[in-house]
Each structure stands twice: as structure tokens, then as C-alpha cells.
Amino acid sequence: MQLDVATLSLINAGQALALALMLWFGTQGGNHRALSGLRLRAVALLLEAGADFLLAIDLRISPVALLLWGNTLNLAAQALTVIALRMVLNLPLRWRTVLALGIVGWLGVTWLGIVHPSYPLRVLWGSAIIACNVFLNIAALRGGCRKRETRARCVLLWAYFLALALLAWRNVSLWTLASPPTGIATPSSVNEIYVLLLGIQPLLASIGFLLLYNEILQRELFNLARIDPLTGVTNRLGLLEASETLLTLARSRKESVGVLLIDADHFKSINDRFGHDSGDRVLLELVSNIRRMLRVSDLVGRIGGEEFLVVSHSVKEADLMALAERIRAAIENASFAIGDEPHALTVSIGAAIVDASEPDMMAARRRADTALYEAKRAGRNCVMISPH
């Protein structure tokens, strides 16, 4: 089989069609926005397949039809790819910019193809529009090769850098050849090499999209394993990891770290009297009140049931006790809606400062737990701190 432009275009069309079907039917569930981005990328591949198929049957359609429809499909595919990538990355879509580029690109290519025919200028104009779309994608992926957890971005960046290199090579070749081709379908080594390498770019980009989607799913699963589904705060596993990280950072800065264990008083009676749904709503309001008293850098998480842990850095005993008292007073003064009636709730709090000799947070948490039981025995609705 002779690998001319028509044959290569037919191969590219089949590959783009296969990739589109794989992206559409091979991915299900997970992040809705990212999945929608993959589906949009599949539509872009279908448009690319259509443009390649038109080029493959060039002899059976008029040059004007090939020019108009082929460029329309390619420009639309590029626009959808820019939007699809930004959907997957959860970034602003920039659809107005993409639309403007598509219109300017189509008008310029049409003018230089029909009104004032010049193949090198038409290629240069189209390449400039493609390069603008590629730069939009690179901007969305910036920093992608710096983090180990974002290797998919690195794959996509390389794909787009190769696309820019291919555009530059094609234009330099057309302007330096003694007898440049007069159209994309004209038998020429430049056209054949360009169409061959052009078919590789959708493959690399689609692999990058799939890897990116997989990374997003993995990151969501990682976060889900560390977030309490009811209250939205960190769960026990997340607390263990985050608190140790915070402790390491605080010690590197020679800062102290305080721990608060907060337990809702007589919470079981709320569940027994009003049901677990009402109890869940009370917990959500309780967490909201705790968060309002904390700094952005403080950590709050749910240990289990109605018990919560707060980790605060750069605090001494007096600071920690003041924070605990603010939390206690805020909850005591709050009104918790159960059904149509307001109800009061109080908390008992145990506090502890992490000792410099303690290798991790566990010893301080145990001392805070002991202080919490002291607060319970003292009549509840109070704060106790554990001595060093």
C-alpha cells in the first residue's frame, strides 16, 4: 500500500474514530465535569475524523468543498479540545476566546483559499490559529511536569510542544522549498510527513486525557478516604496524617502545637428523642460553630460519633484555653434547630499541648482525652487542660 496523503488521512480518520469511541464508551462514572470533558474531547475526535475522511476522498469532492468543510471541522475540533481540557482540569472554559479564534481562523483561511489563493499564506494563517489554541492548552497545563502526581499533564505538554514543532517545520519547509506543494492533497514529501505526524498527536493527546482523568479519580478517592461524609471535615485517617504533617512543620519552625478534644454533652439523648436525621443536622451545626472559632491554618476533624479533634499551632496553654473557651461559649449560646423548635447544646473539651519530647501527636491526644473525661466528671460544659 502506497502511503500517500489520501491513505494516511484514511488511517488517521480510522484512528480518530476509534479513539473517540474509546473515550466515550470506555469511561463511566466519577467526576461529572471531568467526564463531560472527556466526552467533549470524543466529539472533537469525531470532527477530526470527518476532516481526515474528507481529505482521503479529495478526488471525489471539489477543492472549495474540501477547503470549507475540512477547515470548519478542524477548527471546531481544536476549539472543543481547548474547552474539553479546561473542563477536565476544572478551569474557566475561555469559550469566547476560542470562538473568536475559530471565526478569525475560518475567515482568514477562506480568504486565502478562495478570494486571494495562496497556499503558503493559508498554511501560515491556519498555523497561527492552531498555535494560539495550543498555547491556551499549554497555559492550562502549566507546571504539569513539576509534580509527580500530575504526570498526565506532562504527557499532554509534550504532545502540544511536538504539535508546535510540527507546525514550525511545515511552514519553514513550505517557504524554503524551490517548488512547494499547492495544496494539502498535492503529492509531496512535506505533505505526507506532515499528515503522518499529525495523526500521532491525537493519539498522544487522548492518552494524556485518559491519564489525567485517572489522576483526578485517584485524587478524589484519596480525598474521600480522608473526609467525613456527614460533616465534611477530616476523618480519623485524615487527622492522623494531617496532624503529623502539621506537627513536623511546627517543630521545624520551633512552634508549639495544641490539641483539643471536643465532645457534645448528652448527644445520645438527641438521637433517641428526635431520631438520627435530627442528630445529623445538629452535628452539622456543631461543626459550623467550631469552624467559626478557628483560624484558617487550624485543623478540625471528626474522631467518631459526636467527638471532634482540633489541632492548632503557635499556641501556648493560655492561648489554647482561650480558644477552647471561645468554642464552648459559642456552642452554649447557639440555638440548634430540631424540628420546628430551638434546642440548646453544650460541649466538654479536653486540651493538651504537645510536649517537645513526644515523637508524635498520639501522647498529646491521650492526655487531651484524659482531660476531656475530667471535664465530664466536673459536670460537663467546661474545659480542662492536661498538664505537661
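Counting only residues that are touching a residue at least 40 places away in the same chain (Cβ under 8 Å) and open to solvent by less than 60 Å² (accessible area, probe 1.4 Å), how many does the range 326-338 have? Summing the residues that are touching a residue at least 40 places away in the same chain (Cβ under 8 Å) and open to solvent by less than 60 Å² (accessible area, probe 1.4 Å) in the range 326-338 gives 8.
Considering (1) closer than 24 Å to Gly70 by Cα; (2) touching a helix residue (DSSP H, G or I) at 6+ places or on another chain (Cβ under 8 Å); (3) surrounded by 14 or more Cβ atoms within 10 Å (Cβ to Cβ), the lone condition that Leu35 does not fulfil carries the number (1). Scanning the range 224-248 for residues that are under 27 Å from Ala371 (Cα atoms), out of contact with any Lys or Arg (no Cβ under 9 Å at 6 or more places or on another chain), outside any helix (DSSP H, G or I) and of a type in the set (A, V, I, L, M, F, W, C) yields a single hit, Ile227. Of all residues in the range 282-306, those satisfying the criterion of being in a helix (DSSP H, G or I) and not charged (D, E, K, R) are Val282, Leu283, Leu284, Leu286, Val287, Ser288, Asn289, Ile290. Select from the range 361-388 the residues that are of a type in the set (Lys, Arg) and farther than 25 Å from Glu241 by Cα and write down the one among them that is most open to solvent (accessible area, probe 1.4 Å). By that ranking, first place goes to Arg377. Determine whether Leu212 is part of a helix (DSSP H, G or I), touching a strand residue (DSSP E or B) at 6+ places or on another chain (Cβ under 6 Å) and crowded, with 19+ Cβ neighbours inside 10 Å. The answer is no for Leu212. Checking the stated criteria, Val287 turns out to be open to solvent by less than 20 Å² (accessible area, probe 1.4 Å) and closer than 23 Å to Ala371 by Cα. One residue stands out among those in the range 341-374 that are out of contact with any strand residue (DSSP E or B) (no Cβ under 9 Å at 6 or more places or on another chain) and not in a strand (DSSP E or B): the one that is nearest to Phe308 (Cα to Cα), which is Met362. Is it the case that Gly50 is small (Gly, Ala, Ser), over 17 Å from Ala205 (Cα atoms) and at pLDDT below 85? The answer is no for Gly50. Selection of the range 234-267 for residues being within 11 Å of Val310 (Cα to Cα) and aliphatic (A, V, I, L, M) yields Leu239, Val257, Val259, Leu260, Leu261, Ile262. Remark: pairs (first residue in the range 2-24, more than 26 Å from Ser188 (Cα to Cα) and part of a helix (DSSP H, G or I); second residue open to solvent by 30 Å² or more (accessible area, probe 1.4 Å) and among the charged types (D, E, K, R); Cβ separation under 7 Å; 6+ apart in sequence or on different chains) = Trp24/Arg39. Within the range 119-156, being at pLDDT 90 or above and among the polar types (S, T, N, Q) holds for Ser127, Asn133, Asn137.
Per-residue answers, yes or no, for (1) under 21 Å from the mean Cα position of the chain (by Cα); (2) among the β-branched types (Val, Ile, Thr):
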{"site": "Leu196", "(1), (2)": "no, no"}
{"site": "Ser206", "(1), (2)": "yes, no"}
{"site": "Glu215", "(1), (2)": "yes, no"}
{"site": "Arg236", "(1), (2)": "no, no"}
{"site": "Leu249", "(1), (2)": "no, no"}
{"site": "Ser252", "(1), (2)": "no, no"}
{"site": "Val257", "(1), (2)": "no, yes"}
{"site": "Leu261", "(1), (2)": "no, no"}
{"site": "Leu286", "(1), (2)": "no, no"}
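Pairs linking a residue in the range 361-388 that is more than 23 Å from His313 (Cα to Cα) to a residue that is open to solvent by 40 Å² or more (accessible area, probe 1.4 Å) and assigned to a helix (DSSP H, G or I), with Cβ atoms under 8 Å and 6 or more positions apart or on different chains, are Asn381/Glu332. Looking only at the range 89-128, residues that are without any contact (Cβ under 8 Å) to a residue 40 or more places away in the chain, over 30 Å from Arg151 (Cβ atoms), in a helix (DSSP H, G or I) and open to solvent by 60 Å² or more (accessible area, probe 1.4 Å) come to 10 in all. The residue list Ala264, Ala205 contains one member that is out of contact with any Pro (no Cβ under 6 Å at 6 or more places or on another chain) and either closer than 17 Å to Ile331 by Cβ or among the basic types (Lys, Arg) (or both), which is Ala264.
Per-residue answers, yes or no, for (1) open to solvent by 40 Å² or more (accessible area, probe 1.4 Å); (2) touching a strand residue (DSSP E or B) at 6+ places or on another chain (Cβ under 9 Å); (3) part of a strand (DSSP E or B); (4) at pLDDT 90 or above:
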{"residue": "Phe222", "(1), (2), (3), (4)": "yes, no, no, no"}
{"residue": "Ala250", "(1), (2), (3), (4)": "no, yes, no, no"}
{"residue": "Val259", "(1), (2), (3), (4)": "no, yes, yes, yes"}
{"residue": "Asp263", "(1), (2), (3), (4)": "no, yes, yes, yes"}
{"residue": "Arg273", "(1), (2), (3), (4)": "yes, yes, no, no"}
{"residue": "Asp280", "(1), (2), (3), (4)": "yes, no, no, yes"}
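The values are calculated or read from the model by the stated rules, or taken from the named source; none is laboratory data. Here the structure is a predicted model, which means the values were calculated and not measured. Virtual Cβ from ideal backbone geometry, glycine too; neighbours counted across all protein chains shown. Ligands, DNA and RNA are stripped out before the accessible areas are found, and what is left, the full protein with its side chains, is counted by its heavy atoms. Shrake-Rupley method; radii C 1.70, N 1.55, O 1.52, S 1.80 Å.
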